[in-house]
Amino acid sequence: MKERELNELLLEKFPEIKKSFDAYTEWQDGIDTGSFLVVEDVLMEYIKKVLCKKDYKKIAYFCETIEEIYAKNDEYATNVIVVGILENLKCSEYADLIVDYLLPRTRKEFDEIEV
């Protein structure tokens, strides 16, 4: 999986980030902007707002989606999930909230992250 594929997948799964994505990537490489950047600067801002609001339905959907991407066993996508999302969440004030929603593969990875 390349940047474009992962970004398209994230936009498909989270259409709520489209406006922020477009604004963020218009001065970069558009849909080909590195997914690490997109995840850290766009998707994580969205999910932190969801976590802050304690929108449990959206939290569950987010966790299902990252588990689905992680389960693809694609090296690039896995690195983006681990570094861009799981490590970020593990070091955040939302770690205790999200941990109960993580599914088996991402939960195992999350638990192994040392902070």
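The values are calculated or read from the model by the stated rules, or taken from the named source; none is laboratory data. What you see is a predicted model, and the numbers here were worked out from it, not measured in a lab. Cβ atoms come from the backbone with ideal geometry, glycine included; neighbour counts cover every protein chain shown. Accessible surface areas use protein heavy atoms only, side chains included; no ligands, DNA or RNA. Shrake-Rupley method; radii C 1.70, N 1.55, O 1.52, S 1.80 Å.
Contact order normalised by length for the range 1-69, with contacts defined as Cα pairs under 8 Å and 6 or more residues apart; what percent is it? Computed value for the range 1-69: 31 percent relative contact order.
A straight chain from TYR24 to GLU5 at 0.36 nm per residue would run longer than the Cα-Cα distance by 5.1 nm. Taking only protein heavy atoms and a 1.4 Å probe, the accessible area of the range 1-88 is 49% carbon and sulfur. On a per residue basis, the chain carries 56 Å² of accessible surface, using protein heavy atoms and a 1.4 Å probe.
Put the Cα centre of the range 83-103 next to the Cα centre of the range 18-70 and the gap is 14 Å. Site pair PHE36 and TYR76 shows an inter-label distance of 1.3 nm when each label is modelled 7 Å from Cα along Cα→Cβ.
Here the spin labels are modelled as points 7 Å beyond Cα on the Cα-Cβ line, and at CYS91 and CYS52 they lie 1.9 nm apart.
Can you tell me how the range 55-98 classifies by the Cα gyration tensor, rounded, prolate or oblate, using a/c under 1.5 as the rounded cut? It comes out oblate by the Cα gyration axes. In a Gaussian network model over the chain where Cα atoms closer than 10 Å are linked, find which of GLU93, GLU40, GLU64 has the largest mean-square fluctuation. Maximum fluctuation in the GNM of the chain, among the listed residues, is at GLU93. Summary value for the range 38-111: 39 percent relative contact order, contacts being C-alpha pairs under 8 angstrom separated by 6+ residues.
Under 26 Å of direct C-alpha separation, and excluding same-chain neighbours fewer than eight residues apart, LYS54 reaches these lysines: LYS13, LYS18, LYS19, LYS90, LYS108.
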